[in-house]
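The values are calculated or read from the model by the stated rules, or taken from the named source; none is laboratory data. Keep in mind it's a predicted model, so treat the numbers as computed, not measured. Neighbour counts are summed over all protein chains in view; Cβ atoms, including those assigned to glycine, are modelled from backbone coordinates with ideal geometry.
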Amino acid sequence: MSLDGVNLNRGFFQFTIPYNWLSWIFWIIGLLMVVAGLATFLEGGGIIAAFGFLLIALLSPASLETDLHNVRKNAPQPDDLETDALKNGYELESWFFGRSSYSPTNDPNDWILPAPGPSTWNQDDRYAADGDGTPLPEHPTKVGTPIPATFATFGISMVLFILFLSISLGMLVLDEKAMVDSGEMLAEDAAMKYTPIIMSVIGLIWLLLGFFQHKRQQQMIDTPTSLVRSVPVGSAELVGQVRPAPEQWINVVVDGNHNRVIPGCVDYRWEYEVYVCRTVTSTDSDGNTTTREECNWQSVRSDSGYVPFMLHDGTGGIRVESGGFKKKDLGNYVKRWTSSHADTLRDHFQTEFAARLFRNGDVRKHRWTAYALRIGNPVYLMGMVKPRSNEEMAQEHLDGTVGHTAISVHGENSPGMKANIQRGTELANLGRIRSSAELLIMPIVCILCGISMFALI
């Protein structure tokens, strides 16, 4: 399995369509909304077309995402660390208590190309190279750095969404202005006059967020990836596989329930939430009373933890002191459990009491969601490589003759580099990103549309 036939440099434009059936359904719905909106544009259908374009944009994958998904789907994955490793997919655990669990079957942070399983690792020397010492198949030195298309379906659709929404809102602004001019409406009752300000402010905030995301992406693209066997002291970018340090790993028991275990973790975070519903009554200006039900997930408690781990890229292993990294992206959740009841009657009544007291509602569901970086997972990081102390090396019986045994990676920033850890390789992380042009042009269009509306008032 390789990336032969996959062009990692997508050029100027890439037309993308969904690669799963659920996204396809809503993508087609968005397309039908666009057609219906264009057909009734003069009758106010522009807003329907606008939200159709929004639906198409949100469901269109990044320019490289579909090809990498297909490679990942057909590639054999590394063998599990333990026989009780996580099952993929939905599992009904108890119909009576309404308990079920789900593990995503399509993890965008997982390996794309085959990676060595635990049975092939050097169990005697965790710092030693694998086999002939060549980098892992998915290492940037082998596959290169992917470059997304300048524009994809997402970018074009988002720009069209902004334009059609602006035109539709502009028409409403003109209608309202005409009503004010004719005396049908008081100027102080005109709400659409604030539309230009709102659009301009949204565009400005959007631009700032896009700029910082662009900087993070560009840093990943521009920074050369070091090999473990030759990484120098100082700031470095590394890509490899998570393997156990002498501290081994953590078998995470989520919220103290031994039926909810995530094995082989070196970094984890879980959250317990309840689904609270309450009845809201509102009265309009004409005295009409309406009642609706509002439901949302409320966080109850959470926990996180970590242990140091080894990053192995095929050329050797290096110790990573993960505790010092403030920015961590563990990717998609590894497993989620849902239940109609809490684990204990005490918890059940406590959450129910809190919901009624503070939210005037009742608890309908409970769920526990776990995120983790596990043994065997792909990992990408930027950090500071520093020499290890003699005491540390003596504890592992290392003499320092092999360069990368005498250094470790720490979560310290350096000028122009923010230390971070991400589950997934550089290829997996860059394969899902939007281009810098899309990140920056869309909010600029939004700002320009907001400014142009001022001329209508």
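Numbers below:
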item: Scope the stretch 173-224; condition hydroxyl-bearing (Ser, Thr, Tyr) and loosely packed, with under 15 Cβ neighbours inside 10 Å; matching residues; result: SER182, TYR194
item: Set VAL173, VAL228, VAL180: member being over 21 Å from GLU438 (Cα atoms) and in contact with a strand residue (DSSP E or B) (Cβ under 7 Å, 6 or more places away or on another chain); result: VAL228
item: Residues within the stretch 12-36 that are closer than 19 Å to MET158 by Cβ and either free of Cβ contacts under 8 Å to residues at least 24 places away in the same chain or in contact with a Ser or Thr (Cβ under 9 Å, 6 or more places away or on another chain) (or both), tallied; result: 15
item: Single condition LEU172 does not satisfy, out of (1) in a helix (DSSP H, G or I); (2) among the aliphatic types (A, V, I, L, M); (3) modelled with pLDDT of 90 or more; result: (3)
item: Scope the stretch 418-448; condition assigned to a helix (DSSP H, G or I), small (Gly, Ala, Ser) and surrounded by 21 or more Cβ atoms within 10 Å (Cβ to Cβ); matching residues; result: ALA428
item: Residue in the stretch 403-417 that is crowded, with 17+ Cβ neighbours inside 10 Å and more than 15 Å from GLY234 (Cβ to Cβ) present; result: yes
item: Some residue of the stretch 125-147 being buried (at least 19 other Cβ atoms within 10 Å of the Cβ) and of a type in the set (Lys, Arg); result: yes
item: Any chance CYS295 is farther than 30 Å from PRO140 by Cα, hydrophobic (A, V, I, L, M, F, W, C), in contact (Cβ under 8 Å) with a residue 12 or more places away in the chain and part of a strand (DSSP E or B); result: yes
item: Test: residue in the stretch 41-54 that is surrounded by fewer than 17 Cβ atoms within 10 Å (Cβ to Cβ), out of contact with any helix residue (DSSP H, G or I) (no Cβ under 9 Å at 6 or more places or on another chain) and part of a helix (DSSP H, G or I); result: yes
item: Output for the stretch 272-313, where each listed residue is closer than 30 Å to MET384 by Cβ and among the acidic types (Asp, Glu); result: ASP303, ASP313
item: Hits in the stretch 316-332 (condition: assigned to a strand (DSSP E or B) and under 20 Å from the mean Cα position of the chain (by Cα)); result: LYS328, ASP329
item: Filter result for SER230 (among the small types (Gly, Ala, Ser) and surrounded by fewer than 14 Cβ atoms within 10 Å (Cβ to Cβ)); result: yes
item: Scope the stretch 156-172; condition crowded, with 20+ Cβ neighbours inside 10 Å and either aliphatic (A, V, I, L, M) or touching a Ser or Thr at 6+ places or on another chain (Cβ under 7 Å) (or both); matching residues; result: SER157, MET158, ILE162, LEU165, LEU169
item: The stretch 8-61, subset touching a Pro at 6+ places or on another chain (Cβ under 6 Å) and among the hydrophobic types (A, V, I, L, M, F, W, C), residue modelled with the lowest pLDDT; result: LEU8
item: VAL201, sole failed condition from (1) over 23 Å from the mean Cα position of the chain (by Cα); (2) assigned by TED's automatic domain parsing to the domain that holds ILE407; result: (2)
item: Lone unmet requirement of (1) in contact with a helix residue (DSSP H, G or I) (Cβ under 6 Å, 6 or more places away or on another chain); (2) at pLDDT 85 or above for GLU396; result: (1)
item: Cβ pairs under 9 Å, 6+ apart, first in the stretch 168-179 and under 12 Å from PRO196 (Cα atoms), second of a type in the set (D, E, K, R); result: VAL173/LYS193
item: Residues of the stretch 236-281 satisfying the condition of being of a type in the set (Phe, Trp, Tyr), touching a Cys at 6+ places or on another chain (Cβ under 7 Å) and modelled with pLDDT of 90 or more; result: TRP249
item: Test: residue in the stretch 132-140 that is out of contact with any Asp or Glu (no Cβ under 9 Å at 6 or more places or on another chain), more than 21 Å from ILE444 (Cα to Cα) and part of a helix (DSSP H, G or I); result: no
item: Pairs where the first residue, in the stretch 382-394, is closer than 18 Å to LEU227 by Cβ and of a type outside the set (Val, Ile, Thr) and the second is modelled with pLDDT under 90 and surrounded by 17 or more Cβ atoms within 10 Å (Cβ to Cβ), C-beta under 9 Å, 6+ apart; result: MET382/MET220; MET382/THR223; MET382/MET417; GLY383/MET417; MET384/MET417
item: Of all residues in the stretch 233-244 being of a type outside the set (Gly, Ala, Ser) and in contact with a Ser or Thr (Cβ under 8 Å, 6 or more places away or on another chain), the one that is surrounded by the most Cβ atoms within 10 Å (Cβ to Cβ); result: VAL239
item: Members of the stretch 104-154 that are under 26 Å from ARG434 (Cα atoms) and β-branched (Val, Ile, Thr); result: THR105, ILE112, THR141, VAL143, THR145, ILE147, THR150, THR153
